[in-house]
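Worksheet: the structure to be examined is printed underneath.
What follows draws every value from the coordinates through simple rules; no lab data is involved. What you see is a predicted model, and the numbers here were worked out from it, not measured in a lab. With ideal geometry, Cβ positions are generated from the backbone for all residues, glycine too; neighbour counts draw on all protein chains shown.
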Number of protein chains: 2
Amino acid sequence: MSLLVIGTLAYDTVETAHASRDRALGGSAVYFAVAAATSCQPRLVGVVGDDFQQEHLDDLTSRGVDCSGVERAEGKTFAWGGRYEPDWNTRHTTFTDLNVFEHFDPKVPESFTDSPFVFLANAHPAIQLKGLKQVTGKRFAVADTMNLWIDIARDELVELLGHVDGLILNDEEARMLTGLDNLHLAAEKVLEMGPRYVILKKGEHGAFLLGEGLHFALPAFPVTEVVDPTGAGDSFAGGFMGAIAQADSIDHDVLKRAMLHGTVTASFCVQGFSIEDLGQRGADDLQARYEQLRSICTV
Amino acid sequence: MSLLVIGTLAYDTVETAHASRDRALGGSAVYFAVAAATSCQPRLVGVVGDDFQQEHLDDLTSRGVDCSGVERAEGKTFAWGGRYEPDWNTRHTTFTDLNVFEHFDPKVPESFTDSPFVFLANAHPAIQLKGLKQVTGKRFAVADTMNLWIDIARDELVELLGHVDGLILNDEEARMLTGLDNLHLAAEKVLEMGPRYVILKKGEHGAFLLGEGLHFALPAFPVTEVVDPTGAGDSFAGGFMGAIAQADSIDHDVLKRAMLHGTVTASFCVQGFSIEDLGQRGADDLQARYEQLRSICTV
């Protein structure tokens, strides 16, 4: 069934201890859509500037991503720069040029409004809600967020949480949002704020899902050579939501399998800059690593 | 089958952000033996001073721990003091009075030398090896260690690693021992140093086991109220080795179940000071939480 993502298309400038990339294809919706495209044909809503290369849109389209919701606006595409410390856990944002994303007003095409599965990639929660409200056919909507919005737009974020079925966030964000150090208690508190499910990501330590009587935890896939962690969270979300859209169900078994699928997808993402590794991976690669992860965590 | 532990009996003075205990029963071998005693009758080798209360030995004996290898020496029992920061991850050692443990020379009673399963709790690796060599019947020996020995007794530790079947260590110790940041690579490097298995503990993030073609990872049990983390590692080891001794096997399924058993055991330990919570738990409590953990991590 159809999966819609609303988020950014961007050019990322990334520096690690080993290598760097200048203005590589990035953005939350790009990572998400490429990740989800191994399971379904995701629909993408976003905005790009006049500098966005047509070949990048063509590449997404060739992967089965429906880009008819990508608006081209006057100005430059959202650009972001980051630098990672050798431990990978510390990331410094070197610049954030919102450009055309600054006035992003999501317009969901009429043909997309029946999407049952929706992912609201990281954006101001008021923008996320504005996008979501146009999707009249939504059955299962999941949002991402970040510390910036928890800090400066908490009220709007809390309002959004009353309208989504799931929230994906990392350990630091969960602690910041709830004021609780214990991640399990923090996840429970997020559920009290509205969503039926919370997915709490812990980077190299894996992730867990809580909600509706289900509690499922799993380790990260043991990647031995990280190249660039950028996009790992969005790839996780894309793999997770793609598996759900493909199954057209959110029963507990599907959610568990979707967690594995998301974990495996993210593991490919971090093995390359941009979508250099992830974009090469087909269903067979995913399945092989899925089985490997399953064997690692099955008693 | 018989399980032998060589380690410390101690009095711990622990302070947390919420409460404190003065000279409470502690020590690696105590935590280990109490944890293992739900699965088997562990044999204990250690030393206490003349201040060690007979009632504490009686308590261990009443749990099925064979204390005939506990030597009483002139002087005071090993005493340790620690203080935890509110985040639990930072521990300050306030004092370490080795006392009678300073000249600990492990003497394994003749009746214990046939023990097939052996745990060498944290001690100077030369002492650990001296103890191990007396256990002529050992089939599966696992050692613990700490950053101090990695720092000041690396050669002896490396020698010990050539004589044990498994090493249990935490993330920080693994990085320190191998010089590798990536925990999976660090675990692989530990295996190259001798043991057939390595168990890498990551505190609230769970643990994984690697070796002999097996890779098994699992999350920590989600404890929502930590009282005192002291002894968590030794309780894990006690639960792990106890399950192995009970099964009298180290096949892969047993090792996986032992990892769950260790995880669950440690989760009780941290819910109280000393053995206040762990010591109350019987096989039923363990089984219930074991099934809960199994459901959390089974796809």
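Note on region B:3-297: with charges restricted to the Cβ of Lys and Arg (+1) and Asp and Glu (-1), its dipole about the Cα centre is near 560 debye. Roughly what % of DSSP beta bridges within region B:1-96 run antiparallel, to the nearest 5? Around 45 percent of the beta bridges assigned by DSSP in region B:1-96 are antiparallel ones.
Determine which lysines satisfy two conditions relative to A:LYS76: a Cα distance under 30 Å, and not lying fewer than 8 residues away in the same chain. In chain and number order, the partners are A:LYS107, A:LYS130, A:LYS133. If you take the charge dipole of region A:120-175 about its Cα centre, with +1 on Lys and Arg Cβ and -1 on Asp and Glu Cβ, which of A:TRP149, A:ALA174, A:LEU161 is farthest toward its positive end? It is A:LEU161.
Once you have the Kirkwood Rh of the protein assembly as shown from its Cα pairs, apply Stokes-Einstein at 10 °C and 1.306 mPa s and quote D in µm²/s. Roughly 62 µm²/s, to the nearest whole number.
Segment B:SER20..B:GLU71, full-extension length gain: 15.5 nm, with 0.36 nm per residue of separation and the alpha-carbon distance subtracted. Simple point charges give the picture: +1 on the Cβ of Lys and Arg, -1 on the Cβ of Asp and Glu, and for region B:114-268 a dipole about the Cα centre of about 280 debye. A straight line joining the Cα centroids of region B:192-240 and region B:134-155 runs 17 Å. Which of A:HIS124, A:HIS184, A:HIS92 moves the most in a Gaussian network model of chain A with Cα springs under 10 Å? Most flexible of the set in this elastic network: A:HIS92. When DSSP assigns beta bridges and you keep just the ones with both residues in chain B, what percent turn out antiparallel, to the nearest 5? Restricted to chain B, the bridges split so that about 40 percent are antiparallel.
Taking region B:56-208 on its own, what percent of its Cα-Cα pair distances exceed 17 Å? The answer is 69 percent, as a whole percent. Using Cβ point charges alone (K and R +1, D and E -1), the dipole size of the protein assembly as shown about the Cα centre works out to roughly 900 debye. Temperature 37 °C, viscosity 0.692 mPa s: under these conditions the Stokes-Einstein estimate for region B:3-297, based on its Kirkwood radius over C-alpha pairs, is 175 µm² per second.
Our summary gives chain A a relative contact order of 18 percent, counting only alpha carbon pairs under 8 angstrom and 6 or more residues apart. If you run the Gaussian network model on chain B, springs between alpha carbon atoms under 10 Å, then out of B:GLY211, B:GLY272, B:GLY137 the most flexible one is B:GLY137. Taking a straight Cα-Cα cut-off under 17 Å and skipping sequence neighbours fewer than 8 places away in the same chain, the lysines within cross-link reach of A:LYS256 are A:LYS201, A:LYS202.
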